[in-house]
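A.B. asks: One structure, pasted below without further comment.
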Amino acid sequence: GGGYGDLTVSYSVSPTSSSASTSIGNNSSGSTAWLQTILLNAIDRKQLLIVAGKAAWRVHMTIQILNDAGNVADASLMAAVAALQDTILPPTQQQQQQQSISSGG
């Protein structure tokens, strides 16, 4: 919203996870919404703008659950924050579009 960049979060549970039913896997949409809401309120989405009103970065984050031995939500939040702090967006250049003018004859 607001013409700023966006961030989406998803979870992926490893098939080799030691727990057959993880707390995240059983409630992935609720857990994803919780984490995404916290992260969207914690970051300055204006920093994701490339050109105001025209282009912005959309960050897709996938949390890979390798093992659910408890408190996956807190571990996911810490991992997401660490990943965002380490993220460097590549520089961008705006190119002017050429307009062709045709004659009517």
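A.B. asks: How many of the residues making up segment 48-61 are under 17 Å from Thr87 (Cα atoms) and either hydrophobic (A, V, I, L, M, F, W, C) or modelled with pLDDT under 90 (or both)? Full working, then the answer.
C.D. replies: We begin by selecting, within segment 48-61, every residue under 17 Å from Thr87 (Cα atoms); these are 48-50, 56-61.
Pick out the ones that are also either hydrophobic (A, V, I, L, M, F, W, C) or modelled with pLDDT under 90 (or both) and you get 48-50, 56-57, 59, 61.
Qualifying residue count for the region: 7.
A.B. asks: May I ask you to list the residues in segment 1-27 that are at pLDDT below 75, within 22 Å of Ile43 (Cβ to Cβ) and surrounded by 17 or more Cβ atoms within 10 Å (Cβ to Cβ)?
C.D. replies: Ile24
A quick yes/no check of all residues on (1) exposed (fewer than 14 other Cβ atoms within 10 Å of the Cβ); (2) in a strand (DSSP E or B); (3) at pLDDT below 85:
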{"site": "Ser29", "(1), (2), (3)": "yes, no, yes"}
{"site": "Thr32", "(1), (2), (3)": "no, no, yes"}
{"site": "Ile63", "(1), (2), (3)": "no, yes, no"}
{"site": "Asn67", "(1), (2), (3)": "no, no, yes"}
{"site": "Gln96", "(1), (2), (3)": "yes, no, yes"}
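The values are calculated or read from the model by the stated rules, or taken from the named source; none is laboratory data. Since this is a predicted model, take the numbers as computed values, not measurements. Positions of Cβ are generated from backbone atoms using ideal geometry, with glycine treated the same way; all protein chains shown enter the neighbour counts.
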